[in-house]
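First up is the structure itself, then whatever we jot down about it.
The values are calculated or read from the model by the stated rules, or taken from the named source; none is laboratory data. It should be emphasised that the depicted structure is a prediction, and the values quoted were computed from it without experimental measurement. Glycine gets a Cβ as well: all are built from the backbone with ideal geometry, and neighbour counts include every protein chain shown. The protein model used for the area step is the full one, side chains on, heavy atoms only, and it has no ligands, DNA or RNA in it. Shrake-Rupley method; radii C 1.70, N 1.55, O 1.52, S 1.80 Å.
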Amino acid sequence: ALCRKHEIRDLLISVGPLGDKIREHFGDGSRFGVRITYLTQEGAGSGTAQPVRHARAELGDAPFLLIYGDVLADLNLTDLIDFHFTCQGLATLALTSVARASDWGVVSLHGTKIATFTEKPPSAKTRSHVINAGVAVLQPEIFTYLTHQDGKLEADVFPRLAKEGKLFGYLFEGRWYDVGSPETYEAAVKEWGSVVSGG
């Protein structure tokens, strides 16, 4: 629904071992007003870097939007994309703030540029509460940074881009939920639903 709202109609979904359930639910996307292509991940636990690398042929030479499958975000994608092109960086990450940042990729900012990106730092070693929200706009040049050894964008790629001054951050104020476990998913759906319904 978020992509359709912002006129993003062509979706590529990378699926793992339980991909059949996702395919059964979404199908080709026509009943949701989008077109979906599926890409099967090679092996369980391949991280976030390899699915992006394997999508290169499908994505071509255009910038693309990356949305992690385990987040819910109330985010203006059109504004994020416009911001990305204004910054002229290689990647722009949507950022949010949380009380306990050490569970995610923590960033420090210099203006809109991400100065450092640290994946799941020890809580005693971070003062920042700003984290990667799991939504990004990437230039096709990102593929030159991806090798078959890279496991996670957050550990192997984003820190390099930050060091080279090519990673930007878009801090948004909307709701954000990590739904990576059944418990957090249930809690997020309840809260998201009550907010949407005005309860």
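Miscellaneous remarks
- For the stretch 25-31, Karplus couplings with θ = phi - 60° (6.51, -1.76, 1.60), whole Hz, Gly/Pro x: 6, 8, x, 8, x, 4, 6
- When the Gaussian network model of the chain links Cα atoms closer than 10 Å, the mean-square fluctuations of 100, 31, 175 top out at 31.
- Given charges at Cβ of Lys, Arg, Asp, Glu: the chain dipole, positive-most of 64, 151, 165: 165
- Prolate/oblate/rounded label for the chain (Cα gyration tensor, a/c 1.5): rounded
- Here the calculated FRET efficiency for residue 35 and residue 148, from their Cβ-Cβ distance with R0 = 30 Å, stands at 0.55, rounded to the nearest 0.05.
- Estimated from helical segments only, the mean residue ellipticity of the chain at 222 nm is -7500 deg cm²/dmol, where each DSSP H run of four or more residues counts as -39500 (n - 2.57).
- The stretch 76-163: C-alpha gyration tensor shape, a/c 1.5 cut-off, then a/b vs b/c: oblate
- Multiplying the residue separation of residue 190 and residue 25 by 0.36 nm and subtracting their alpha-carbon distance yields 57.4 nm.
- Global geometry of the stretch 1-104, whether rounded, prolate or oblate, following the gyration tensor of its Cα atoms and the 1.5 cut on a/c: rounded
- Gaussian network model of the chain, Cα within-10 Å springs - most flexible of 91, 155, 188: 188
- Length gained on full extension, residue 125 to residue 175, computed as 0.36 nm times the residue gap minus the Cα-Cα distance: 15.4 nm.
- Considering only 137, 189, 107, the mean-square fluctuation computed in a Gaussian network model of the chain, springs between alpha carbons under 10 angstrom, is largest for 189.
- Whole-percent carbon and sulfur share, accessible surface of the chain, 1.4 Å: 53 percent
- In Hz, Karplus ³J(HN,Hα) per residue of the stretch 181-188 (6.51, -1.76, 1.60; θ = phi - 60°; x = Gly, Pro): 9, x, 5, 5, 5, 4, 5, 5
- Longest site-free stretch - the chain; sites: GluC sites (Glu not before Pro), DSSP loop, at most 16 other Cβ within 10 Å: 43-163
- In the structure shown, the pairs 125/190; 5/190; 120/166 are assessed against 25 Å; a Cα-Cα span above that value is assigned to 125/190.
- Accessible area per residue for the stretch 105-193, computed on protein heavy atoms with a 1.4 Å probe, is 53 Å².
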